[in-house]
Amino acid sequence: MPYDSYKCPDGGVIKIEDCLKECRLVGKINPVNGMPYVPCGRCLSAPTLRKVAEQREWNGKPSTTQCLRGTREAYLMLTHNYAIDPKSMMFALLGTQTHANLEHGMKDDDLGEERLDDGVSTGAFDFYSPENGGTLFDYKTYSSYVVAKYLGIKSHKVLVGHYKNGKPRYRTVYTHGNAKLDFDLAVQLNDYRMKIEKCLKLPVSHMVCEMIVRDGGTYMATSRGVTERAYLIEVGKISDRWMEHYMKKKAGDLTKALDNKVVPPPCRSHECWGGMKCEKFCPVNKWCDAYKGGK
C-alpha cells in the first residue's frame, strides 16, 4: 500500500487528497512561537505536494531499493497505508528533477532511467555510457558529512610557525584515504550492473557514483574538507555469486512474507542504522513490535 497521508507542521495528519483541496492549517497559529503555521497558505506549493504524492505501484515483484530495506520495513510499507512528512521528500524530489534534466545531455548510444527485470527483482539505473568499456553512473545527493566519510577525509593540524607571543600557529590540512563506501550503495550499483549485463547484454567495466554535495560551498562543508560541489567516486565490483545469493534471499523473503501474510523478523542492525532509522526515519514504525518494545 502507498502512503496516503501527509504529516502537517503541527503534528497532525491529513489525507493527501484532502490536503490538495485545502490546507487544514490556514489561519491557525503555532502556540509555541505565536506565528502562523502556514503564512503562505500551505506548507509547500500545491505542485510540489502533487509531485511528492506520485508513487510507483507494486507489481508483485520487489525492486532493488525494496530489497535494500529491512524486509520487515518493506513488508509493512506494502501492507499498510501510512503518512509521510512531504518536506522529508524534498531531496528525493530534487534528485528526480536532476535525473530528468541530465537526460537532455545524453548521446544517442547512452541509456538512462530504464527499468530492467532480471527475474528476481526490478531496478531502474540512472545512466549508462558505452565509453571506457561501459560505465554505469548513479546520481546521489548527500550531506558533506556523508561525502567526507565516503572520501575518507581526515583533518590534521600542521605546525606552520609561531605567533609573536611564542605560541605555536597551526594550519588544518585534509588528507584522503581509507574511504568507506556505503553497503547499500555498493549493492545497488552492482545489482544494476548485473541487470544491464544480463538483460541488455552490455558490458559494465566501471561503476561510478556522482555525489552532489547537499550543503556544498558552506562553511560546514569546507570545515570537513569537502571543497567541491560534486565528486565522482568509483564503486568496486562485488562477486556475482554473492550478489545473486543476496538479492534472491532478500526478494524471496519479502515475497514469501507477503504471500503468507506473516510479518518478517525485525530489521538487521545495519538496515535500521542501529535503531536510529526506527526512531526518526521509519514511516511504519508504529506497526513494528520491535520498535515499540524498544521504547
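The values are calculated or read from the model by the stated rules, or taken from the named source; none is laboratory data. What you see is a predicted model; the values in this text were computed from it and never measured. Please note: Cβ atoms are built from the backbone with ideal geometry, for glycine as well, and neighbour counts cover all protein chains shown. The accessibility values were calculated without ligands, DNA or RNA, using every heavy atom of the protein model including side chains. Shrake-Rupley method; radii C 1.70, N 1.55, O 1.52, S 1.80 Å.
For region 139-160, the criterion of a residue being among the aromatic types (Phe, Trp, Tyr) and more than 29 Å from Asp215 (Cα to Cα) is satisfied by no position. Taken over region 15-54, the criterion of being touching a Leu at 6+ places or on another chain (Cβ under 9 Å), of a type in the set (A, V, I, L, M, F, W, C) and free of Cβ contacts under 8 Å to residues at least 40 places away in the same chain is satisfied by Ile16, Cys19, Leu20, Val38, Ala46, Ala53.
May I ask you to verify whether Leu102 is free of Cβ contacts under 8 Å to residues at least 60 places away in the same chain and within 24 Å of Ser63 (Cβ to Cβ)?
Working: free of Cβ contacts under 8 Å to residues at least 60 places away in the same chain: yes; within 24 Å of Ser63 (Cβ to Cβ): yes.
Spelling it out, Leu102 is indeed free of Cβ contacts under 8 Å to residues at least 60 places away in the same chain and within 24 Å of Ser63 (Cβ to Cβ).
Consider Arg72 carefully, then state whether it is part of a helix (DSSP H, G or I), among the basic types (Lys, Arg) and within 23 Å of Glu271 (Cα to Cα). Talk me through it step by step, then tell me what you get.
Working: part of a helix (DSSP H, G or I): yes; among the basic types (Lys, Arg): yes; within 23 Å of Glu271 (Cα to Cα): yes.
So Arg72 fits the description; yes.
Does region 272-288 contain at least one residue that is open to solvent by 70 Å² or more (accessible area, probe 1.4 Å), at pLDDT below 95 and of a type in the set (S, T, N, Q)? Scanning region 272-288 turns up no residue that is open to solvent by 70 Å² or more (accessible area, probe 1.4 Å), at pLDDT below 95 and of a type in the set (S, T, N, Q). Scanning region 172-205 for residues that are surrounded by fewer than 18 Cβ atoms within 10 Å (Cβ to Cβ) and either touching an Asp or Glu at 6+ places or on another chain (Cβ under 7 Å) or touching a residue at least 60 places away in the same chain (Cβ under 8 Å) (or both) yields a total of 8.
With the requirement that a residue be open to solvent by less than 50 Å² (accessible area, probe 1.4 Å) and without any contact (Cβ under 8 Å) to a residue 24 or more places away in the chain, what does region 147-165 give you? Reasoning before the result, please.
Keep residues of region 147-165 that are open to solvent by less than 50 Å² (accessible area, probe 1.4 Å), which gives 147-148, 150-153, 161.
Gly161, the sole residue that qualifies.
Is region 16-31 home to any residue that is out of contact with any His (no Cβ under 6 Å at 6 or more places or on another chain), under 30 Å from Ala257 (Cα atoms) and modelled with pLDDT of 95 or more? Yes, region 16-31 contains a residue that is out of contact with any His (no Cβ under 6 Å at 6 or more places or on another chain), under 30 Å from Ala257 (Cα atoms) and modelled with pLDDT of 95 or more.
Pairing residues of region 270-295 that are under 22 Å from Asn81 (Cβ atoms) with residues that are modelled with pLDDT of 90 or more and among the aromatic types (Phe, Trp, Tyr), at Cβ distances under 7 Å and at least 6 apart in sequence or on separate chains, gives Pro283/Tyr3; Pro283/Tyr82; Val284/Tyr82.
Against the definition (of a type in the set (A, V, I, L, M, F, W, C), over 28 Å from Asp117 (Cβ atoms), open to solvent by less than 60 Å² (accessible area, probe 1.4 Å) and at pLDDT 95 or above), how does Ala251 come out, yes or no? Steps first, answer last, please.
Working: of a type in the set (A, V, I, L, M, F, W, C): yes; over 28 Å from Asp117 (Cβ atoms): no; open to solvent by less than 60 Å² (accessible area, probe 1.4 Å): yes; at pLDDT 95 or above: yes.
It is false that Ala251 is of a type in the set (A, V, I, L, M, F, W, C), over 28 Å from Asp117 (Cβ atoms), open to solvent by less than 60 Å² (accessible area, probe 1.4 Å) and at pLDDT 95 or above.
Residues in region 209-221 that are open to solvent by 20 Å² or more (accessible area, probe 1.4 Å) and touching a residue at least 12 places away in the same chain (Cβ under 8 Å): Glu210, Ile212, Arg214, Asp215, Gly217, Thr218, Met220. When Asn178 is tested against the conditions (1) among the polar types (S, T, N, Q); (2) part of a strand (DSSP E or B); (3) at positive phi, the lone failure is (2). Identify the residue in region 124-146 that is β-branched (Val, Ile, Thr) and assigned to a strand (DSSP E or B) and, among all such residues, is most open to solvent (accessible area, probe 1.4 Å). So, considering only residues that are β-branched (Val, Ile, Thr) and assigned to a strand (DSSP E or B), the one most open to solvent (accessible area, probe 1.4 Å) is Thr141. Name every residue in region 6-46 that is part of a helix (DSSP H, G or I) and open to solvent by 80 Å² or more (accessible area, probe 1.4 Å), in order of residue number. Scanning region 6-46 gives Glu17, Lys21. Of everything in region 78-108, what is among the aliphatic types (A, V, I, L, M) and out of contact with any Pro (no Cβ under 6 Å at 6 or more places or on another chain)? Give them in sequence order. Hits for region 78-108 are Leu78, Ala83, Met89, Met90, Ala92, Leu93, Leu94, Ala100, Leu102, Met106. Residues of region 47-64 that are more than 19 Å from Ile16 (Cα to Cα), modelled with pLDDT of 95 or more and either of a type outside the set (Ser, Thr, Tyr) or open to solvent by 70 Å² or more (accessible area, probe 1.4 Å) (or both): Pro62 alone.
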